[in-house]
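Presented below is the structure to which this report refers.
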Amino acid sequence: MLTTEVVIIGGGATGAGILRDLSMRGVKAILIERGDLGCGTSSRFHGLLHSGGRYAVRDKNAAIECIEENQILRRIGKHCVEPISSIFIRTPEDDEAYEGTWLEACKEAGISTKPLELSKLFEMEPNVSRKVKSAYLCPGAAIDGFRMLWQIFDSANRHGGKTLTYTNVIGIDSENGKVVGVTVQDMHSKEIYKIACNYLISATGPWCSRVAQLAGIDINVKPSKGSLIAFNHRICTNVIHRLHKPSDADIFVPHGTVTILGTTSIDSDPDDNSTSQEEVECMMKIGEATFENLRDYRILRVFAGCRPLYSAGNSSGRNASRDFAAIDHGKEHGLANFMSVCGGKFTTHRQMAQKVCDMVCPVLGNTAKCTTHEVPLIEEPSEQLMQRAKAVFPSYAAELAENRQGAQRLEQLVKDIEKDNKLGEIVCECENVSRAEINAVAEDSTSHSISDIRRRTRLGMGTCQGTFCTYRAVGTVKSLKKDWTEDTSKLFREFLEARWKGIRPVLWGNQMRDVDLTRGIYEVSLNINHEEKKHE
Amino acid sequence: MAKLKSDNPDQCISCNICLTACPVARATRKYRGPKLTGPALTRLRMLIEDQDPMLQYCSNCKNCDRVCPSGTPISTLNMKARSAYYKKNPHTLAEKILSNNELMGKTITSIPFASTIANLGMKITKAAGAFEIVGMSSKAPFPTYAKKSFSAMFKSISQPKCDKKVLFFPGCYVNYNEPQVGVDLVHVFNHNNIEVLIDDNFVCCGSPMISAGYIDKVQHNADINSKILASYAKQGIDIITTCTTCALILKQEYDELFELEAVKEYNVHMYDAIEYLLNMYERGELKTDFKTLNKKEIYHTPCHLKVQGYGKPTLKLLNKIPGVEVVDADAGCCGLSGIYGYKTNTAEVAAIVGSKLQKTIKESDAHEGVCECNICRLQMQNNTGKKAYHPLHTIRQAYGI
């Protein structure tokens with residue numbers, strides 16, 4: 001049996017933030033996640049680092065939190081934030097009167113709104129609709145959810161925080177009205193065991209009701225599904241918002257090599273991350289007000305995530321507050337040392353974690369102050385290391401690898417390639433992922449599938465959506481001879497199915513042709529479905 | 001920066017067919033192929049900047065564009081990226097010199113004896129090793145300059161008045177290096193009762209500048225040439241080229257690079273000289289009073305002709321001439337690809353690419369080579385022991401004019 005002070009359930013942004021904060025305050029903590037890190041809501045969003053402008057009119061507090069955290073994450077999470085701007089544009093379809101209200105609200109919240117001449121806007125963003133009436137430059141940016149989580153966990157681990165992925169909570173153990181531990185199951189080995197703790201925090205977002213149910217507690221979390229569309233390339237260089245009351249499909253975020261359009265808001269089951277073709281069509285229609293030629297751009301795939309909206313009352317969807325809720329089950333339901341945290345946004349996850357830890361630590365007798373806003377998540381690479389990296393990686397690959405893996409792992413990658421230059425070969429040509437990087441991530445104890453490697457490298461997330469990198473990646477990990485790399489058919493199917501899931505609702509145009517090529521390679525040439533030849 | 005239509009890499013489905021057709025990727029591992037350099041890295045270049053030595057290795061031969069089942073303008077993405085690279089990095093001296101072909105040609109052919117001195121000077125400079133110093137290969141087959149430009153020679157030809165007129169775009173090579181091709185064209189067309197017009201306001205199509213990474217400068221040339229071409233096309237006058245590269249730039253690349261509307265007005269009226277004559281032959285309009293010639297020729301298809309997708313008219317037409325046997329070399333790209341074959345760093349790749357063609361020609365029992373492209377012909381003559389001519393040369397010979 002493992003013993004720790006705090007168990008955190010949920011490997012998303014909230015849980016990660018709490019693990020890092022507790023670890024930095026010197027509290028022993030273990031985080032458990034039923035899947036891979038960030039496979040829930042925290043990676044299924046725009047990748048937008050809010051400026052707060054979107055919430056300024058309706059929710060001043062949320063807006064202020066956003067702008068504060070925006071500045072902090074740009075500083076501590078340099079490798080995960082693309083330091084671009086966000087541009088709010090008012091199209092002819094948007095209410096003119098809202099513009100003044102919005103400007104006033106942004107001013108009050110301390111969010112800068114620099115007016116942009118339309119000629120300047122079109123120079124910066126040549127693809128934006130020429131019908132735009134006015135535009136403002138705000139400090140929004142793009143943030144890589146997977147990468148930030150990965151780096152938060154790295155930082156937490158350095159401070160002693162532990163993480164167990166593919167570990168599902170099946171029971172909450174309590175004695176005398178107090179939580180004393182959890183019963184968990186390893187999803188791979190199926191082993192069931194207990195972890196003893198003094199405090200339990202459920203940071204499971206839209207799954208909070210289900211986890212609380214394990215202790216017989218009812219809480220009102222309303223999962224609200226948002227779908228997003230990923231386009232094949234950067235159609236804008238800055239985040240483009242519609243200047244109107246927050247609504248569906250009104251944000252475009254240039255994110256890495258792609259652009260993401262979102263989102264929708266539909267009450268749903270937390271495990272439902274499907275998107276219908278109707279939703280896509282609906283979003284495309286709205287998106288055309290921002291980019292008139294939107295349909296000329298190729299859709300790569302769609303994805304969806306569930307917002308963990310918490311409501312003490314009955315509001316849901318866009319009317320529910322984006323604020324977060326920390327529910328002390330001791331006070332509310334008579335089960336002490338148990339807290340559920342839900343609601344909130346990726347942008348403000350650090351501040352949420354700080355507030356939660358400020359509540360939890362005194363219970364544990366810890367009075368240390370939060371320092372998460374002061375310490376960068378990962379170290380900067382030395383100039384010398386970057387030079388060595390540029391010498392061994394193909395063009396455009398060194399900086400990307402450094403951003404994804406951080407200085408420490410990069411140094412190892414460089415050493416590996418210096419020793420064997422074949423490891424510098426690119427496995428994923430769309431996202432420039434080298435064999436060395438795949439090897440290093442596959443060796444990590446949290447990796448159990450090609451999808452796990454994808455989340456840490458962007459393998460298979462580009463134009464070909466796995467057509468050419470899947471067999472290369474499977475071949476690469478197979479040579480590592482790990483338990484999970486033995487069944488290659490399973491590796492193929494898991495990854496291709498996951499890619500296919502996001503493509504199915506957008507099966508037209510070039511993507512349709514791409515899928516047919518993929519099918520030709522895997523189903524026909526490689527016979528991945530093992531159709532036996534029938535003997536006569 | 002000029003607005004470039006081909007910023008959009010979305011047509012590519014990463015099938016890699018282009019890689020199998022790329023002569024450069026086959027010749028050197030320094031180039032990782034058209035798909036990666038073109039559409040794949042176009043996406044990454046929108047995200048990060050980096051030194052990219054691969055950019056200089058695309059020869060712009062356009063075999064990638066030809067085989068692409070998705071219609072991706074791969075080579076244009078490459079040229080666009082190369083041009084963007086030179087916004088922040090200096091051009092080599094060789095690129096500066098080689099992209100100035102028009103000015104050099106104009107100057108040298110307009111002064112008496114200047115060409116003799118220039119050609120001699122080139123030999124001496126080459127012998128003295130000065131080519132290497134500026135980054136040009138002394139092994140590559142450089143063209144020589146003509147004594148008199150084509151436009152000067154054209155003025156002294158008295159043409160019969162004909163109802164049918166065509167406009168000829170001679171391009172720099174015919175104008176300054178091998179005016180004989182233009183002269184042959186005028187005679188062959190006149191023989192078929194077609195008068196040839198030229199327009200003194202034409203400028204270089206811009207191909208060497210595109211290859212050397214000066215796309216912005218090309219826009220100026222594109223504006224001038226496309227306006228002239230459109231004005232003739234509107235009068236129903238067909239436009240004839242002999243240089244397959246000029247043709248490709250005028251017909252297609254101006255539109256890919258600059259979205260010039262005028263291109264659509266004239267490009268359906270543009271024909272390669274031999275394509276035009278073959279069309280006439282097929283309609284029964286071409287004079288067939290050919291003499292028997294008794295020669296065997298080996299034909300090389302220029303890459304820039306292949307990509308235009310109108311077959312191999314030369315192979316068909318020359319074989320109609322009694323006593324002429326034309327065989328297809330079918331030996332891939334000549335490698336030179338304009339200035340690519342002359343810059344030291346790419347000349348060695350060009351030499352590898354072109355070696356198959358050279359070997360094929362050398363070992364062939366044909367008397368001479370035949371090819372539409374001027375630069376290809378230089379490679380066909382380079383250490384093969386055979387001369388290479390434009391097909392108009394044989395046609396004029398057969399007419400006995």
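The values are calculated or read from the model by the stated rules, or taken from the named source; none is laboratory data. Just so we're clear, the structure is a prediction, and the values are computed from it rather than from any experiment. Heads up, the Cβs are rebuilt from the backbone with ideal geometry, glycines too, and the neighbour counts pull from every protein chain shown. For accessibility, only protein heavy atoms count, side chains too; no ligands or nucleic acids. Shrake-Rupley method; radii C 1.70, N 1.55, O 1.52, S 1.80 Å.
Values as computed for the structure displayed
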item	result
Pairwise Cα inverse-distance average, inverted: Kirkwood Rh of the stretch B:1-77 (Å)	12.6 Å
Other protein chain Cβ atoms within 10 Å, averaged over every residue that makes up A:391-398	5
Shielding by partners - mean other protein chain Cβ count within 10 Å, residues of B:64-71	1
FRET efficiency estimate (nearest 0.05) - Cβ-Cβ, B:ASP328 to A:ALA196, R0 60 angstrom	0.15
The stretch A:361-425: radius of gyration over Cα atoms, expressed as a fraction of 2.2 N^0.38 Å	1.62
GluC sites (Glu not before Pro), loop per DSSP, at most 15 other Cβ atoms within 10 Å - longest free stretch of chain B	B:50-258
Heavy-atom surface of the stretch A:132-184, accessible at 1.4 Å and reported per residue (Å²)	33 Å²
Summed side-chain charge close to B:GLU95 - residues other than B:GLU95 whose Cβ falls under 11 Å, Lys, Arg +1, Asp, Glu -1	+3
Exercise: per-residue mean of other protein chain Cβ atoms within 10 Å, B:33-41	4
Members of A:LYS355/A:LYS482; B:LYS96/B:LYS227; A:LYS162/A:LYS501; B:LYS88/B:LYS356 lying beyond 30 Å, as alpha-carbon distances in this model show	A:LYS355/A:LYS482; A:LYS162/A:LYS501; B:LYS88/B:LYS356
For the stretch A:425-525, the fraction of alpha-carbon pairs in successive 5 Å shells from zero, as %	2, 14, 26, 25, 18, 9, 4, 1
Whole-Hz ³J(HN,Hα) from phi, Karplus 6.51 cos²θ - 1.76 cosθ + 1.60, for the stretch A:227-234, glycine and proline x	9, 9, 10, 9, 9, 5, 9, 6
Percent RCO, i.e. relative contact order, over the stretch B:284-399, from Cα pairs under 8 Å lying at least 6 residues apart	29 percent
Interface residues in the stretch A:190-235 - accessible area drops by 10 Å² or more relative to the isolated chain, probe 1.4 Å	A:ASN232, A:HIS233, A:ARG234
Accessible area of A:TYR136 in the full protein assembly, 1.4 Å probe (Å², nearest 10)	20 Å²
Globularity ratio of the stretch A:180-280, using Cα Rg and 2.2 N^0.38 Å	1.51
Karplus-derived 3J(HN,Hα), 6.51/-1.76/1.60, for each residue of the stretch A:100-105, Hz, glycine and proline x	x, 4, 5, 4, 4, 5
Accessible surface buried upon A-B contact (total; probe 1.4 Å; Å², nearest 100)	2600 Å²
Cα-based shape type of chain A, given that a ≥ b ≥ c are square roots of the gyration tensor eigenvalues and the cut on a/c is 1.5	rounded
Heavy-atom accessible surface of the stretch B:136-257: percent carbon and sulfur, 1.4 Å	51 percent
Rounded accessible area of B:CYS61 (nearest 10 Å², 1.4 Å probe)	10 Å²
The stretch B:284-399 - percent of accessible surface contributed by carbon and sulfur, probe 1.4 Å	48 percent
Normalised convex hull volume, chain B, alpha-carbon set, Å³ per residue	135 Å³
Portion, in percent, of the accessible area of the stretch B:5-90 that falls on carbon or sulfur, probe 1.4 Å	53 percent
Solvent-accessible surface ranking, highest first, for A:LEU400, A:LEU103 at 1.4 angstrom	A:LEU103, A:LEU400
Contact order relative to length of chain A, as percent, for alpha carbon pairs under 8 angstrom and 6 or more apart	17 percent
Percentage relative contact order, chain B, counting C-alpha pairs under 8 Å, at least six apart	17 percent
Solvent exposure ordering (accessible area, 1.4 Å, most first) of A:HIS159, B:HIS393, A:HIS79	A:HIS159, B:HIS393, A:HIS79
The stretch B:284-399 - accessible surface per residue (Å², probe 1.4 Å)	37 Å²
Calculated diffusion of the protein assembly as shown, Stokes-Einstein form, Kirkwood radius summed over Cα pairs, 20 °C and 1.002 mPa s, µm²/s	68 µm²/s
A:MET386 - accessible surface, heavy atoms, 1.4 Å probe, Å² rounded to 10	40 Å²
Net charge of neighbours whose Cβ lies under 15 Å from the Cβ of A:THR290, counting Lys and Arg as +1 and Asp and Glu as -1	+1
Spin-label model distance (nm) - A:ASN421 vs A:GLN71, 7 Å beyond Cα toward Cβ	4.9 nm
Charge sum, other residues only, whose C-beta stays under 11 Å from A:LEU364's C-beta, Lys/Arg counted +1 and Asp/Glu -1	+1
